[in-house]
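Working notes for the structure below.
The values are calculated or read from the model by the stated rules, or taken from the named source; none is laboratory data. Just so you know, these numbers come straight off a predicted model, no measurement behind them. Here the Cβ positions follow ideal geometry from the backbone for every residue, glycine too, while neighbour counts run over all protein chains shown.
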């Protein structure tokens, strides 16, 4: 033990002797910036979090109460008697398994087709921005972001009915097309930051354009794919107006349309309705919990590049 200690002391002494004269060994001290707390930003985050937590608290409390408890209170207080039957009633009245399957089918299909098609369009535009046609196509797609949906709603309903795609397949196509503008904007900025030398090296080895995209570019789009995927997933899962005006078969209705059954002409069954809302929110919440690190990584990498 003494030998080891002496050897360590000798090594330290030699290192100090080898330092240039006039220089002192620096000791790492905690920076003041790391110990400061931005209280204004912290307060803003706290207020913004309350805008989410307060409605969520209200939804949970109402879903656990009886109609009499809701009528006699404000809705925010704890239930005196928990009524778990609200969830069972919501499961039955909305035909929850069928509606959940329809929503999941449309959402998964929209996410898959969006990632496969929108990334290809963005790649073609990003690598040909020096050409007038692709530059015009890029700004044309960006201009579509400023078109309100009610303006094209009625012509869209008429066209989907004539083409026979007023069903789940049509919903997947519409979500893929309507998300093209924003997704191309996200993808293009990221693809243009990828060095062109990677593609040139693949082309030297004899790779075609399709091979370059699928073997070189698409694997590098992982962060952006996660961001676009979760945005499309949230949109397709929570959307109400598009399934309402497009789907013609009641058997194809989504969770949002199924929950519309609680809205009566003269009254609303709030306890069962809020229980249904929580049940519909749970699958998407689980998806976000498991996918949030990829979403945050995609936003961070996109800002750095």
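Quick check on my filter: what residues within region 147-199 are buried (at least 17 other Cβ atoms within 10 Å of the Cβ), more than 21 Å from residue 236 (Cα to Cα) and within 19 Å of the chain's Cα centre (by Cα)?
188, 190
In contact with a strand residue (DSSP E or B) (Cβ under 9 Å, 6 or more places away or on another chain), at pLDDT 85 or above and either outside the structural domain of residue 196 (by TED's automatic domain parsing) or buried (at least 20 other Cβ atoms within 10 Å of the Cβ) (or both): which single residue out of 273, 226 fits that description?
None of the other options fit; the residue is 273.
Go through region 125-138 residue by residue and tally those that are surrounded by fewer than 18 Cβ atoms within 10 Å (Cβ to Cβ) and in contact with a helix residue (DSSP H, G or I) (Cβ under 7 Å, 6 or more places away or on another chain).
The total comes to 4.
Assess whether residue 144 counts as being surrounded by fewer than 17 Cβ atoms within 10 Å (Cβ to Cβ), touching a helix residue (DSSP H, G or I) at 6+ places or on another chain (Cβ under 6 Å) and assigned by TED's automatic domain parsing to the domain that holds residue 222.
Here the answer is yes, as residue 144 does meet what is asked.
If residue 208 passes every condition in (1) touching a residue at least 24 places away in the same chain (Cβ under 8 Å); (2) surrounded by fewer than 13 Cβ atoms within 10 Å (Cβ to Cβ) but one, which one does it miss?
Among (1) touching a residue at least 24 places away in the same chain (Cβ under 8 Å); (2) surrounded by fewer than 13 Cβ atoms within 10 Å (Cβ to Cβ), residue 208 violates only (1).
Only one of these conditions is not met by residue 114: (1) over 27 Å from residue 236 (Cβ atoms); (2) buried (at least 17 other Cβ atoms within 10 Å of the Cβ); (3) in contact (Cβ under 8 Å) with a residue 24 or more places away in the chain. Which number is it?
For residue 114, the failing item is (1).
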